[in-house]
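Below is one structure; the comments refer to it alone.
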Amino acid sequence: MRQIINTLGKFTLIRAVLLFLAVIVAVYLTVIVANLGGQLDEIRKAQIRFDIGQTAFGDPSLQSLPPEVVAEMLNEMAEREFLRLGMDRPFFPMRSFEYLWRAMTLELGRAERLSSDAGSRQVRNILMERIPVTLALFGTANLVLFILALFIALFLSRRYGGFLDRLIIALAPSSAAPGWFYGLFLILIFGAVLRVLPWGGLVDAPLPDTSLGYALSVLRHMILPVTAVVLGALFASIYTWRTFFLIYSSEDYVELARAKGLSSRAIDMRYVLRPVLPPILTSFLLVLITMWMGQIVLETVFHWPGLGSVFYQATQMSDVPVILGVIVIYGYLLAATVFVLDFVYAIIDPRVRVGGGAVRH
């Protein structure tokens, strides 16, 4: 038992360190890109000088002074502002690593332009307000996608070559389009033409009076974006997973189970579903990683007030602290997904050994 615990602890530590290093590298590259390799500082300095000049232009007390004196005063004011913001130091390496540390710890201070719904300018408060909203939409959509694709793929594997099987094969290429693309058609049909579902936002306005009414309103607003996410990956997932089921259902031990007279349900659950789950989970993980970035556009299309929409707003306004904060959250979520997947493999597949040890027979 002690050896198992030591092996598990060592494996956990190594995986956590490697994933954390990957997140650090990704965030540092984001810091460099978001700051345009340090050029954004020059743009901000020019903006600061312009704002100070505009303020001084409207000050009557400065208009009687010689231009040289006014220029010197404005320059001193600008230098004090640069010093306050830490912009007197070079971007490489000092300020870039400072940005990295603040980003990794989410201590990004105040947003430059955005604010939370409560009026806070702190980046942490802005992100904490948006995370539950994104996870609610993203979690619900992917849970529905996983369950639907899994059971439809298992159903089609028993009806290979049938009409539904051929239909899914024909529809599989449609998953090349992202979820937000289908969202535009869903909004047009159900929001604009039929007007049976809300096409944007989180909840009705005015807000419902009761907690139950509020929850039902949120669920109603989730129907179209969840449907868009599912449509964006459903048919390709069904086609891929149905192929996995077909491969494993032709194994010798499955044929032996059929010869023993076991029911189709028992064979699927005991001999087909469990060994096929690892490749299915890997395929689903790749879908998740791809959909994270598509979530940004999808939330913008549906005006869903989550991380994706705030990231889009931050990029439009060049709000670097908020951009870095959202990237860090995405990095942590993706790293946690990969980290958990290793242990899920060990639980669902006894052939997998945590730590990479060989299976001895």
Going residue by residue through region 218-230, the Karplus relation 6.51 cos²θ - 1.76 cosθ + 1.60 with θ = phi - 60° gives ³J(HN,Hα) values, rounded to whole Hz and with x marking Gly or Pro, of 4, 4, 5, 6, 7, 4, 5, x, 5, 4, 5, 4, 5
Taking Cα atoms, the helix 274-301 axis meets the longest principal axis of the chain at an angle in degrees (rounded to 10) of 30 degrees
Checked against the positive end of the charge dipole of the chain (+1 on Cβ of Lys and Arg, -1 on Cβ of Asp and Glu, about the Cα centre), the farthest of L62, V276, G9 is V276
Phi angles of region 44-52, converted by Karplus (6.51 cos²θ - 1.76 cosθ + 1.60, θ = phi - 60°) into ³J(HN,Hα) in whole Hz with x for Gly and Pro, give 5, 4, 5, 5, 5, 4, 5, 5, 5
Against the 2.2 N^0.38 Å rule of thumb, the C-alpha Rg of region 2-104 sits at a ratio of 1.81
Between the residues P206, A236, Y312, the Cα farthest towards the positive end of the dipole of region 127-348, that dipole coming from +1 and -1 charges on the beta-carbon of Lys, Arg, Asp and Glu, is from A236
Answer in debye to the nearest 20: the dipole magnitude of region 81-211 about its Cα centre, from +1 Lys/Arg and -1 Asp/Glu charges placed on Cβ, is 320 debye
With +1 on the Cβ of every Lys and Arg and -1 on the Cβ of every Asp and Glu, the dipole magnitude of region 2-104 about its Cα centre, in debye rounded to the nearest 20, is 1100 debye
Projected convex hull area of region 142-280, Cα atoms, direction-averaged, in nm², equals 11.0 nm²
Taking max minus min of the Cα coordinates of the chain on each principal axis, largest first, gives extents in Å of 103, 61, 40
1/(1 + (r/R0)^6) with r = Cβ-Cβ of Q316 and R110, R0 = 22 Å, i.e. FRET efficiency to nearest 0.05, evaluates to 0.75
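The numbers here are math on the coordinates, done by the rules we state, and not lab data. For clarity, every value in this text was computed on a predicted model and none was experimentally measured. Cβ coordinates were reconstructed from backbone atoms using ideal geometry, including for glycine residues, and neighbour counts include every protein chain displayed.
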